[in-house]
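Notes follow once the structure below has been shown.
All of the numbers you see were taken from the coordinates with simple rules; none came from a lab. Since we're looking at a predicted model, the values are computed, not measured. Cβ: placed from backbone, ideal geometry, glycine included. Neighbour counts: every protein chain shown.
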Amino acid sequence: MEEKRCYTVKELQEILGISRPTVYELLKRNEFRWIQVGTKYRISKKSFDEWLDKMMENP
């Protein structure tokens, strides 16, 4: 099976343990790459994973 390339807002909520509005705030601040498809947001897995690794190295 091919590895997924995008996360959903709900997946980011679960990964980070944060609220939906907080995820949207991160998107608004362009903390990582994302696209909007209709009314749905898809977050680049690679970009998010790199951001998360960086945040964990420099809390």
Checklist outcome for this item: Here the residues within the range 1-23 that are free of Cβ contacts under 8 Å to residues at least 40 places away in the same chain and touching a Phe, Trp or Tyr at 6+ places or on another chain (Cβ under 8 Å) are T8, V9, L12, I15
Item to check | Residues located in the range 39-51, provided they are under 19 Å from Y24 (Cβ atoms) and either of a type outside the set (A, V, I, L, M) or over 9 Å from the mean Cα position of the chain (by Cα) (or both) | outcome: T39, K40, Y41, R42, S44, K45, S47, F48, W51
Next on the checklist: Checking the structure you have, find out if any residue of the range 25-34 is free of Cβ contacts under 8 Å to residues at least 24 places away in the same chain and of a type in the set (A, V, I, L, M).
Outcome noted: yes
Item to check | Tally, over the range 33-50, of residues that are of a type in the set (A, V, I, L, M, F, W, C), surrounded by 16 or more Cβ atoms within 10 Å (Cβ to Cβ) and over 16 Å from I18 (Cα atoms) | outcome: 1
Item to check | Residue that is surrounded by the most Cβ atoms within 10 Å (Cβ to Cβ) [pool: residues in the range 1-32 that are outside any helix (DSSP H, G or I) and either in contact with a strand residue (DSSP E or B) (Cβ under 8 Å, 6 or more places away or on another chain) or small (G, A, S) (or both)] | outcome: Y7
Next on the checklist: List pairs: first residue in the range 47-58 and closer than 11 Å to Y7 by Cβ, second residue of a type outside the set (A, V, I, L, M) and surrounded by 13 or more Cβ atoms within 10 Å (Cβ to Cβ) anywhere in the structure, Cβ distance under 7 angstrom, at least six positions apart or on different chains.
Outcome noted: S47/F32; S47/R33; F48/Y7; F48/F32
